[in-house]
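A short write-up of the structure that comes next.
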Amino acid sequence: MSDVRDVIIIGSGPAGYTAAIYAARANLKPMLFQGMQPGGQLTITSDVENYPGYPEGVLGPKMMEDFQKQAERFGTELHFEQIVEVDLTQRPFRIKSEFASFQARTLIVATGASARLLGLPSEMELMGHGVSACATCDGAFFKGKKVLVVGGGDTAMEEANFLTRFASTVTIVHRRAEFRSSKIMHERCLKNPKIEWLLHKEVAEVLSESGKKKVRAVRLKDTRSGELAEVATDGLFIAIGHEPNSKIFQGKLALDETGYIQVKKGTTYTSVEGVFACGDVMDKTYRQAVTAAGTGCMAAIDAERWLEAQGGH
C-alpha cells in the first residue's frame, strides 16, 4: 500500500488531464491513472476543429498528447493502469489497479463515456475516416455529402437533424419501424426535407474505397427478409447512445438511471464527501472536449477547497 495522496484522478481525457493541470499547479501532487484508452474518446476522433486555441484544427490524439505534457510539466504522476476497484467506505479512500493499491484523501472521477458501437470490424477500421459517433464533432467534414445515421432514439434524431446543416441528404437507418425517440424529435425529422428513411434495416458492413481508408458504401441487411443491399454513402454516424464508464462505482456513488454519476448542481460534488466527478461520466447533455475540460477544472478547485476545509493538505 502506497503513501496517502491528496488527489488521485481516474481517467485521462480532457477532464482528467485538466483536473491534473489545476491540481498540480495547486501543489497537490496528483496521481493520474490513464486507463486502457489514454486520451479517451478523442483518440478515435481524427480532426478536432471546435476546440478554442487550435485555429487550424488538431488531431484528437495529438491534442491529448498536448494535455498530457502540460499535466506532466507541473508534476502530475502518470500511471498507465486501469483502476479495477474502489473502496469509498473508509478514509483515506482505497483504490486498486491491476498491479497495486493506493490511498487518496480525495478522488476525482473522469472515466468518461463510451459511444455504443455496432461491433463490426469494418466500423472500427474506418472510425475517424468516414465513420463517426459524434455529429457535433464531425458533421462539418460532410458539407454537401450523403450520410447515413444509425439509430432510433433521441440521439439519432438529434444527430440527423444537426447533420442536415451540412450534408446534402441524411438517411436514418433503423432496424424497426417504431422509434424510441420522443414524438417531438421524430416529427422534426419527418418534416425535414433533407432527411430520408431506411427502416427494417441494420448495418452488416461498412465498405471502403479500394486501397483507401474512406467510406464509400454500407451493406444493409433487411431485418425481415435477411436480404442484403449496398447503399452508397460518404459517411456513417453511429447514434445508438453512450454508456458512462461508471461500473466500478455502482452501489458506491449515486448514479442516475442510465449510469451517469450524479453531482450536486453547479459543482462536481458527488454523493460521497471528497469524491468529485467531471467530464462525460457525469455529463450526458454536452459531451464535448471543451465542457469536459471545464468540469475538470471545477473538480480540481472543488477538491482543493475541500481539502483546505478539512485542515489543509
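The values are calculated or read from the model by the stated rules, or taken from the named source; none is laboratory data. Just so it is clear, the model here is predicted, and its values are computed rather than measured. Methodologically, a virtual Cβ is constructed for each residue, glycine included, from the backbone with ideal geometry; neighbour enumeration extends over all protein chains shown.
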Fill in: Only one of Ala232, Ala277 that is over 30 Å from Val86 (Cβ atoms) and touching a strand residue (DSSP E or B) at 6+ places or on another chain (Cβ under 6 Å)
Ala232
Response to the item:
Checked the stretch 20-60 for anything at pLDDT below 90 and outside any loop (DSSP other than H, G, I, E, B); matches are Gly40, Gln41, Leu42, Thr43, Ile44, Asp47, Val48, Leu59, Gly60
Worksheet item: Scanning the stretch 213-222 for residues that are of a type in the set (Lys, Arg) and in a strand (DSSP E or B), which turns out farthest from Val131 (Cα to Cα)?
Response: Lys221
Practice prompt. Please go through the stretch 26-36 and pick out each residue that is surrounded by fewer than 20 Cβ atoms within 10 Å (Cβ to Cβ) and either more than 15 Å from Ser246 (Cα to Cα) or free of Cβ contacts under 8 Å to residues at least 24 places away in the same chain (or both).
Written response: Asn27, Lys29
Practice prompt. Using the structure shown, decide if Ser246 is within 28 Å of Val149 (Cβ to Cβ), surrounded by fewer than 23 Cβ atoms within 10 Å (Cβ to Cβ), touching a helix residue (DSSP H, G or I) at 6+ places or on another chain (Cβ under 7 Å) and at pLDDT 95 or above.
Written response: yes
Discussion item. Taking the criterion of being of a type outside the set (Val, Ile, Thr) and loosely packed, with under 15 Cβ neighbours inside 10 Å, would at least one residue in the stretch 11-22 satisfy it?
Written reply: no
Response to the item:
Taking the stretch 273-295 and keeping only residues that are assigned to a helix (DSSP H, G or I) and touching a helix residue (DSSP H, G or I) at 6+ places or on another chain (Cβ under 7 Å), one is left with Gly279, Asp280, Ala289, Ala292, Ala293, Thr295
Item to complete: Determine, yes or no, whether Val215 is surrounded by 15 or more Cβ atoms within 10 Å (Cβ to Cβ) and over 23 Å from the mean Cα position of the chain (by Cα).
Response: no
Discussion item. Regarding the stretch 45-68, can at least one residue be identified that is within 17 Å of Val275 (Cβ to Cβ), under 14 Å from the mean Cα position of the chain (by Cα) and of a type outside the set (Phe, Trp, Tyr)?
Written reply: no
Practice prompt. Would you point out the residue of the stretch 279-313, among those that are free of Cβ contacts under 8 Å to residues at least 12 places away in the same chain and over 30 Å from Gly241 (Cα atoms), that is farthest from the chain's Cα centre (by Cα)?
Written response: Gly311
Fill in: So Val173, is it crowded, with 19+ Cβ neighbours inside 10 Å and over 15 Å from Gly130 (Cα atoms)
yes
Discussion item. Of the residues Ser225, Ser210, only one is out of contact with any helix residue (DSSP H, G or I) (no Cβ under 8 Å at 6 or more places or on another chain), modelled with pLDDT under 95, among the polar types (S, T, N, Q) and outside any strand (DSSP E or B); which?
Written reply: Ser210
